[in-house]
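Enquirer: Below you will find the structure I want to go over with you.
Nothing in this text is a laboratory measurement; each read-out follows from the coordinates by a stated rule. Please read all numbers here as calculations on a predicted model, not as lab measurements. Quick reminder, even Gly has a Cβ in these numbers, built from the backbone with ideal geometry, and neighbours come from all protein chains shown.
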Amino acid sequence: MKVQVLYFAWLRERIGRGREIVETEAATVAELVAELRAREERYDLAFSDMTAIRCAVDQALAPVETPLEGVREVAFFPPMTGG
Amino acid sequence: MAEPASIRVVVTEADFDLGAETAHLEAGGDTGAVVTFTGRVRDTGGALRRMVIEHYPGMTERALTEIAEEACRRWQLTGATIHHRHGTLVPGDRIMMVATASRHREAAFAAASFLMDYLKSRAPFWKKEETEDGAEWVAAREADEAALDRWNA
C-alpha cells in the first residue's frame, strides 16, 4: 500500500525532505519506522531515539503501535513547541 | 438553553488585530467577561535575530479546533478564539493569542489557561531560534507537558 509520510522540524532537516510517498507492507507505524531506518543511514540516524519523536496518523496524535491499514498519512516530528 | 459557543481558529503568517478579535467575542449579549492572552517573541538579551515557526497544515487547524471544543465542554463559554502565526518573526512580534468569553470571569480565565496549556504541547507547531551563533530548534519543556496534569486530576 502507499502511505504519504511527512517529517517536520529537525526530523525534516535530517532526512532532507518534508514529505514522500512510501510503498510499504508494514502493519504498524513502528514497522514503518523500522523499514525507513533500514533504507538509508540518514533515516536510521533521524529515528535513532524514538523517545524524542512524536507521531500523527491521519492528522491525529497516535502511538507507534497504531495499525497502518487504511491509513493515508503518517507524520513524524519532535515534541511540539507552540504558544 | 444557552447558545453554542462560537469557536474561531485561525493559523496565518499575518499578524492579528487584538481589538477586532475582542470585539467579535463581545458581540454576544450574554457575554460578561472576555479574557485575552497574547504570546510574543522575546528579545533574549539582544541575541535573537529571528524566530521561524513551522506547523503541520491541516492537523494544526484540526488540533486547535479540538482543544477549543474541549474547553467549551468543560466551561460555559460564549466564545473561544485561537490565532497562531507561523513563518518568520522577529523580537517584539506577536506569535499567538487566545481569547475566551463567558458570562462570568472564572470560566473565561480558566478556559484561557487551559487553551494555552494544551496548545503548547498538543498543537503541531515547532519554533526555531536564529542567533548570530546559528539556528536551533527550541526544545520542549517538561514543565509544559506536566502542566496538562492539572486539568486531568
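Enquirer: Under the classification rounded if a/c is under 1.5, otherwise prolate if a/b is larger than b/c and oblate if not, where does segment A:2-77 fall, given a ≥ b ≥ c as square roots of the Cα gyration tensor eigenvalues?
Expert: Verdict is rounded for segment A:2-77.
Enquirer: Using a basic spin-label model with each label point 7 Å from the Cα along Cα→Cβ, how many nm lie between A:E69 and B:E145?
Expert: Here the modelled spin labels are 3.1 nm apart.
Enquirer: Using Cβ counts within 10 Å as a stand-in for footprinting exposure, how do B:W151, B:W75 rank, fewest first?
Expert: Fewest to most other Cβ atoms nearby, the residues stand as B:W151, B:W75.
Enquirer: I would also like to ask the following. So which GluC sites (Glu not before Pro) in segment A:1-72 end up in coil per DSSP with only 14 or fewer other C-beta atoms within 10 Å?
Expert: A:E25, A:E40, A:E65, A:E69
Enquirer: Nothing charged except the Cβ atoms of Lys and Arg (+1) and of Asp and Glu (-1): what's the magnitude of the dipole of the protein assembly as shown about its Cα centre? Round to the nearest 20 debye.
Expert: With Lys and Arg at +1 and Asp and Glu at -1, about 400 debye.
Enquirer: Under the rule of at least 5 residues apart or a separate chain, name every residue whose amide H is placed under 5 Å from the amide H of B:G79.
Expert: For B:G79, the qualifying residues are B:S6, B:A101.
Enquirer: Here's a follow-up. Can you work out ³J(HN,Hα) from phi for every residue in segment B:56-71, in order, using Karplus 6.51 cos²θ - 1.76 cosθ + 1.60 and θ = phi - 60°, giving whole Hz and x for Gly and Pro?
Expert: Coupling constants for segment B:56-71: 10, x, x, 5, 4, 4, 5, 5, 5, 5, 5, 5, 5, 5, 5, 4 Hz.
Enquirer: Which one of A:A38, A:L61, A:Y7 has its Cα pushed farthest toward the positive end of the charge dipole of segment A:2-77, where Lys and Arg give +1 and Asp and Glu give -1 at the Cβ?
Expert: A:Y7
Enquirer: What number comes out for the charge environment of B:A146, summing +1 per Lys or Arg and -1 per Asp or Glu over other residues with Cβ under 13 Å away?
Expert: Net of charged neighbours comes to -2.
Enquirer: Residue by residue through segment B:99-108, what is 3J(HN,Hα) from phi via Karplus (6.51 cos²θ - 1.76 cosθ + 1.60, θ = phi - 60°)? Round to whole Hz and write x for glycine and proline.
Expert: With the stated coefficients, segment B:99-108 comes to 9, 10, 10, 7, 5, 10, 5, 4, 5, 5 Hz.
Enquirer: List the residues, sorted by chain then number, that are 5 or more residues from B:V138 or on another chain and whose placed amide H is less than 5 Å from its amide H.
Expert: HN-HN under 5 Å from B:V138: B:K127, B:K128, B:E129.
Enquirer: Moving to a separate point now. Of B:M96, B:A139, B:F37, whose Cα points farthest to the positive end of the dipole of segment B:6-151 (charges on the beta-carbon: +1 Lys, Arg; -1 Asp, Glu; origin at the Cα centre)?
Expert: B:F37
Enquirer: Extending each Cα 7 Å along its Cβ direction at A:A60 and A:E13, get the distance between those two points in nm, one decimal.
Expert: The modelled label-to-label distance comes out at 3.2 nm.
Enquirer: In sequence order, what are the phi-derived ³J(HN,Hα) couplings for segment A:51-61 according to the Karplus relation 6.51 cos²θ - 1.76 cosθ + 1.60 with θ = phi - 60°, rounded to whole Hz, with x for glycine and proline?
Expert: These are the phi-based 3J(HN,Hα) values: 5, 9, 10, 10, 9, 10, 10, 6, 6, 10, 4 Hz.
Enquirer: Give me B:K128, A:K2 ranked fewest to most by other Cβ atoms within 10 Å of their Cβ, as a rough exposure proxy.
Expert: Fewest to most other Cβ atoms nearby, the residues stand as A:K2, B:K128.
Enquirer: How many angstrom lie between the Cα centre of segment B:79-153 and the Cα centre of segment A:29-79?
Expert: So the two Cα centres are separated by 25 Å.
Enquirer: Quick check on the exposure proxy: order A:L6, B:L119, B:L64 from fewest to most C-beta atoms within 10 angstrom.
Expert: Going from least to most buried by this count: A:L6, B:L119, B:L64.
Enquirer: Nearest 20 debye, what's the magnitude of the dipole of chain B about its Cα centre given +1 on Lys and Arg Cβ and -1 on Asp and Glu Cβ?
Expert: Here the size comes out at about 220 debye.
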